[in-house]
Structure formats: C-alpha cells, structure tokens
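Visitor: Dumping the structure here so I can ask a few things about it.
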Amino acid sequence: MPDRDTFYMKRCLRLAEVGRPTVSPNPMVGAVIVARGRIIGEGMHLQAGGPHAEVNALASVKGSDRPLLAEATLYVNLEPCHHQGKTPPCTRAIREAGIKRVVIAGRDPNPLVSGKGVGFLREIGVEVTEGILHNSAEQLNAAFLTYHRKKRPYIILKWAESDDFIMGHRERRVKISNSKSDTLVHLWRSEVDAILIGTNTAIIDNPSLTVRHIEAPSPHRILLDKSGRVPKEYQLFVDEEPLTIITEDASRFGALASEKEAIALPFEPSVIPPLLHWAYEEEIQSILIEGGRKTLQSFINSNYWDEARIIHAMDVRLGKGLRVPKLKGRKVKELLLNRNRITFVKPL
C-alpha cells in the first residue's frame, strides 16, 4: 500500500474534481476524515457560496463515529480557510470537532486565507502536515492559483488544424475536427469561466459559443470587436446568453439586449493587458481562447497563455488557407480520438 497520507490525499483530489463545473470562483476542494485506518467522513465543495469540503466531510460522520474525531486525521487538498466569508471559517469547525491532525497538499494563495489557516491550527495545537501531492493539487486548481498569484485569468489556447497545418480559410467556415473532439471541446467550455473569440472568427463562423453536446453550464462569452464590425443580427447578439463585447468605442453598439454589454478598452499597443485586468476585476478565473490565428498569436506573442490544446485532424488536408499559430512549448499530454490527435502544450 502506498504511503498513507498520499493514499488519502489522492481520494481528496478525486472528490474535489466533482465540483469543477460549479465552484468557481472558489477552488475545487475535497476532504477525507480517517480514524483507526478507515474513512469515517468525506465531502467536497459543490457550489460557490455553499458549505466547504471540510464542513461537508464533518457533517457526513455518523453519530457512532463522532467520538473518533478526537483521534482522526483530516485530509484536504487546500489550506482550510480562517475568515468569515459566505460561510464560517473551516478552522473553527475543525477546532470544534476536536481534530488533532490535518494534512494538506498546499496553501491557499488567496490573501484572505494564505498561511492564516495553517497558522491558527498550529496555534491551537493541531499537527499540520503540508505538501502531500502538492504538484497534483496545483494542477487541479491551476486556474484558481494563477488568478490569485498572477492577478489574471488562466489562459487556455485552443485550435483545430488539418494534417497540413491549416486552421481555416479567410472567407468561409471550415470543418476540421470530428464529432468526438467536438464533444470534448464542449466539455472544455463547461470547465472555464469564459470563452473568447475575435472579430474575424465571429464574422466567418457566426458561432453561439455555448455548451450543447453535453449537459453542462455555458461559459460567459467575450467578443473582441474593436470597430463594431460583427453584424448585430448574428447569434451572439440575438440569443439570450450573456455576452461582453470588448471594443474601442462602446457607443458604436448603442442599446444592447439584456445580458449583453459593451466595454470600452484601449486596443493599442495591445488590448490583452487591459482585457485581462478587466477579467480579473470581474472574477473571471479562466478563459478559453477559441479565436482565429490573429487572436491566438496575439496571446502567444504577449506571453499571456498557460496551456494550449491542439486538435490535429490526421485525415483532413486543406492545401491552402490560414496557417496555424507559431507556438513554442512542451508537450505534456496527448490523446487520440479516432483520427484526431489532441496535444496539450505548456509554456517552456
């Protein structure tokens, strides 16, 4: 059997994953309570504003097992909070339960929490072990951690390319990825706070940018439209889903329908820094960039990207068209969906 702390922390991470579609802007957190070699309680954070994982785990302990809390170990993948937010401090619940040992993967970078939870627990005599499966926990909450550490959203670049490295034509929409990849992309959409495209992609594709192939929430939609070129009868403007248009002159858009807004930001020398600052202020922690070559390359050239997901269609050749963006990075994962090879890339 692997190291006991590692074994139970893996369980925490699996529980935490359950909350991925619904907890933002909070982190994904799982908690496991172990006494006398068995799990007596476990829980996860399921909804922003709802009870935290530690509280749910404590609530799950049966009455007959509650006397064991005084000798139990609480495993949680992120430092317990020590402040009053929408819910009471988790450190208070831990103290009241009488738990004497807490194992965490890493500290919470949120200034309201960072170090305070661990510090308080140690002050009241709780043994705290840190760093168990730290890298796995960091990967799980990459968006949350990037948001608080870098004061910007986690940026995911995504594009589909043909076998001859063409991603589209200038005048018309081109279908490249297969149906299995399309379903996966809709899963990716459901896992981020926002999705972004540029003017040319909006004009050529007239997309809705919603989640349709799976049952899951749709992200907030962001359109970069410097001069107001996208026709107002297009899908993004006429449906009922929220939309933010980032433009140079918001007055170009006049009165917009409910759930639509135009935000004026400077586009020179680059719209990306003010865009990311706006997104940070709006608590948008992750953005999927599904734009065309120009938009994708602008994020690459500005070094504002954290991950790229490239769908390579091995059975599609286009001959001519828009070449794929120029990207230098390291491959971290690859999977095959029929004849679509999907490569996950991180910055060097």
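A quick yes/no check of all residues on (1) under 20 Å from the mean Cα position of the chain (by Cα); (2) of a type in the set (Val, Ile, Thr); (3) part of a helix (DSSP H, G or I); (4) loosely packed, with under 15 Cβ neighbours inside 10 Å:
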residue	(1), (2), (3), (4)
Arg172	no, no, no, yes
Lys175	no, no, no, yes
Arg189	yes, no, yes, no
Val211	yes, yes, no, no
Pro217	yes, no, no, yes
Ser227	no, no, no, yes
Glu233	no, no, no, yes
Glu240	no, no, no, yes
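Visitor: Does the range 14-42 hold any residues that are closer than 20 Å to Gln139 by Cα, modelled with pLDDT of 95 or more and among the small types (Gly, Ala, Ser), and which are they?
Guide: Ala16, Gly30, Ala31
Visitor: Right, something else. Is it the case that some residue within the range 73-85 is under 28 Å from Tyr154 (Cα atoms), among the aliphatic types (A, V, I, L, M) and touching a His at 6+ places or on another chain (Cβ under 8 Å)?
Guide: Quick first cut of the range 73-85, residues under 28 Å from Tyr154 (Cα atoms) only: 75-85.
From the residues that got through so far, the ones that are among the aliphatic types (A, V, I, L, M) too are 76, 78.
Pick out the ones that are also touching a His at 6+ places or on another chain (Cβ under 8 Å) and you get none.
Within the range 73-85, none of the residues are under 28 Å from Tyr154 (Cα atoms), among the aliphatic types (A, V, I, L, M) and touching a His at 6+ places or on another chain (Cβ under 8 Å).
Visitor: Let me ask something additional. Kindly evaluate Ala142 against the criterion of being open to solvent by 10 Å² or more (accessible area, probe 1.4 Å) and within 20 Å of the chain's Cα centre (by Cα).
Guide: Here the answer is yes, as Ala142 does meet what is asked.
Visitor: Let me ask something else about it. Please pick out the residue among Ser270, Ser251, Ser258 that is open to solvent by 70 Å² or more (accessible area, probe 1.4 Å) and not in a helix (DSSP H, G or I). Steps first, please.
Guide: Details: Ser270 fails: open to solvent by 70 Å² or more (accessible area, probe 1.4 Å); Ser251 fails: not in a helix (DSSP H, G or I).
Only one candidate passes the filter, namely Ser258.
Visitor: Looking at the range 15-26, is at least one residue outside any loop (DSSP other than H, G, I, E, B), under 17 Å from the mean Cα position of the chain (by Cα) and surrounded by fewer than 15 Cβ atoms within 10 Å (Cβ to Cβ)?
Guide: Yes, because at least one residue in the range 15-26 is outside any loop (DSSP other than H, G, I, E, B), under 17 Å from the mean Cα position of the chain (by Cα) and surrounded by fewer than 15 Cβ atoms within 10 Å (Cβ to Cβ).
Visitor: Enumerate the pairs (first residue in the range 85-112 and under 16 Å from Val29 (Cα atoms); second residue anywhere and polar (S, T, N, Q) and crowded, with 19+ Cβ neighbours inside 10 Å) with beta-carbon separation below 6 Å, excluding pairs fewer than 6 apart on the same chain, so at least 6 apart or on different chains.
Guide: Partner pairs satisfying both residue conditions: Ala105/Asn77.
Visitor: Also, I was wondering about something else. List every residue pair whose Cβ atoms lie under 9 Å apart, where the two residues are 6 or more positions apart in sequence or sit on different chains, the first residue falls within the range 50-66 and is farther than 16 Å from Val18 by Cα and free of Cβ contacts under 8 Å to residues at least 12 places away in the same chain, and the second residue, located anywhere, is open to solvent by 60 Å² or more (accessible area, probe 1.4 Å) and in a helix (DSSP H, G or I).
Guide: Pairs that qualify, where the first residue is farther than 16 Å from Val18 by Cα and free of Cβ contacts under 8 Å to residues at least 12 places away in the same chain and the partner is open to solvent by 60 Å² or more (accessible area, probe 1.4 Å) and in a helix (DSSP H, G or I): there are none.
Visitor: For the range 290-348, what are the residues that are of a type in the set (A, V, I, L, M, F, W, C), open to solvent by 20 Å² or more (accessible area, probe 1.4 Å), assigned to a strand (DSSP E or B) and in contact with an Asp or Glu (Cβ under 8 Å, 6 or more places away or on another chain)?
Guide: Residue satisfying the conditions is Ile310 alone.
The values are calculated or read from the model by the stated rules, or taken from the named source; none is laboratory data. Every value quoted in this text rests on a predicted model; they were computed, and no experiment measured them. Heads up, the Cβs are rebuilt from the backbone with ideal geometry, glycines too, and the neighbour counts pull from every protein chain shown. Calculation scope for accessible area: heavy atoms of the full protein, side chains included, ligands and nucleic acids excluded. Shrake-Rupley method; radii C 1.70, N 1.55, O 1.52, S 1.80 Å.
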